[in-house]
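First comes the structure, then the notes that go with it.
The numbers here are math on the coordinates, done by the rules we state, and not lab data. Everything numeric here is computed off the predicted structure, so don't read it as measured data. Here the Cβ positions follow ideal geometry from the backbone for every residue, glycine too, while neighbour counts run over all protein chains shown.
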Amino acid sequence: MQYENPEIPEGINTTDEHPLKEFVILSSGIVLVSVVIISLILLIVEYSARFIPFEYEQQLVSTFTEQYADTAGEEQQYLQRLANEIVLTQNLPKDMEITVHYVDEEMVNAMATLGGHIIVYRGLLEKLPSENALVMLLAHEIAHIKYRHPIKSLGSQILLQLFWAILTNQSNSSDIIDISQFSSLSYSRSNETLADEEGLHSVFQIYKDVNGATDLFQALIESRQNMSFTIPEYLSTHPDINNRISHLNELAEKNNWPSKKEPLPIQ
Amino acid sequence: MVEIIILLILLLLGYVFGRMAEKRHYRSIIQREKLYRDVILIASKHPPPELIDQQSILMTGSVVVSVDYFKRFIAGLRNLFGGRVSSYETLLDRARREAILRLKEQAFRKGSRMLVNIKLETASISKGRKNTIGSVEILAYATAFYPTQIP
């Protein structure tokens, strides 16, 4: 009997496919799947945020808003009075309480945050040419609170931080849920548009005229050094402030809101 | 962030060195397989009748190989999607051929040209430490026949 072990060709038990190709295909598959899952969870969180009682939101930030409580000056009372007037035009839920805080600082900024707190900086107040523009600002921020944008934003922010922590294998949970960052919440473009529309509606309800409302945006454009409206990075992430102005003008035209009266001065 | 950078560095190191080592190993395997082609392997239990008057001895050849980080990473991803784990295929292919070569080398030195009843055993040495050690041992053993020395 003859025995032999012939040479066996290569590539029967292995493949010639480049390992990097497999790596790219597999990892992009993973990325795709996780992006889809995270987006779905984000949508669910954003949707269900509205069912969180407003009371919880207030409790959540109660320790952090104390720092603003001691500025009960004239400006504060004036802002609060305007805010109360605006609240009546926006049909806020009964338990939703709006508190305006005035901060005596240069920063050209204003923001709506958790628990119905609105923070207005002196820098921005000084830049505003009329009371109408100020009402537009406050109404815009109140609309954010009305539509629960702060809690939605917080929810998605915590979720993203959680995913990041899982991805980077962090075990320190105190880094994940940091409510003290509550004032740097950012809102999506559609949320801003919604708040703009509601804000202009309030201006019309109060003055029966919308003249001067968009001066708010003009003031922001002019203050080059810090052109923020709701958050400091606002303009860098949403460089379409002119679009917002024209969108509001269109809205006013569509609803036949007049724009003739002279705006009132700030008191 | 640091973790991700470390991961990328490990992947890169695993890829570069793993691929270099693999290419070198394959070159050496193919070359030595040619060299020891005369040592015939038979899987049959029964030795050919012409060997009946020869002496026989048990020969073993074993190899322990470890998987590089890059291969393990790809195999980990494969675990999620399923499919051919080609990164482990080359590893085990190399290990099997190396074990057989070591067996043949020993037999050759003993003067044997025929190995009967060749068998391969595989054992993973990651017991209980699943993600830290990714090594396998391949053991090849056979009965080597060699001509009786005339005194």
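Residues B:Ser87, B:Ser126, B:Ser44 in ascending order of nearby Cβ atoms (within 10 Å, fewest first): B:Ser44, B:Ser126, B:Ser87. Quick check on my link table: of A:Lys94/A:Lys152; A:Lys152/A:Lys208; A:Lys94/A:Lys208, which ones sit more than 27 Å apart, alpha carbon to alpha carbon? Table pairs above 27 Å Cα-Cα are A:Lys152/A:Lys208. The mean of 1/r over all distinct Cα pairs in region B:2-146, once inverted, gives the Kirkwood hydrodynamic radius of 17.1 Å. The tail of the calculated P(r) for the protein assembly as shown, taken as Cα-Cα distances beyond 27 Å, holds 67 percent of the pairs.
Peptide A:1-7 has a mean shielding of 5, counted as Cβ atoms of other protein chains within 10 Å of each residue's Cβ. A Förster radius of 35 Å combined with the Cβ-Cβ distance from A:Met107 to B:Leu8 puts the calculated FRET efficiency at roughly 0.35.
Computed on the Cα atoms alone, the convex hull of region B:1-49 gives a volume of 80 cubic angstrom per residue. Between B:Ser62, B:Ser112, B:Ser124, the Gaussian network model of chain B with springs among Cα atoms under 10 angstrom shows the greatest mean-square fluctuation at B:Ser124. Only beta bridges with both residues in chain B are counted; by DSSP, about 90 percent of them are antiparallel.
May I ask for log10 I(q)/I(0) of region B:25-78 at q = 0.13, 0.18, 0.31 Å⁻¹, from a Debye sum over the Cα atoms as equal point scatterers with solvent left out? So the normalised log intensities work out to -0.64, -0.89, -1.24.
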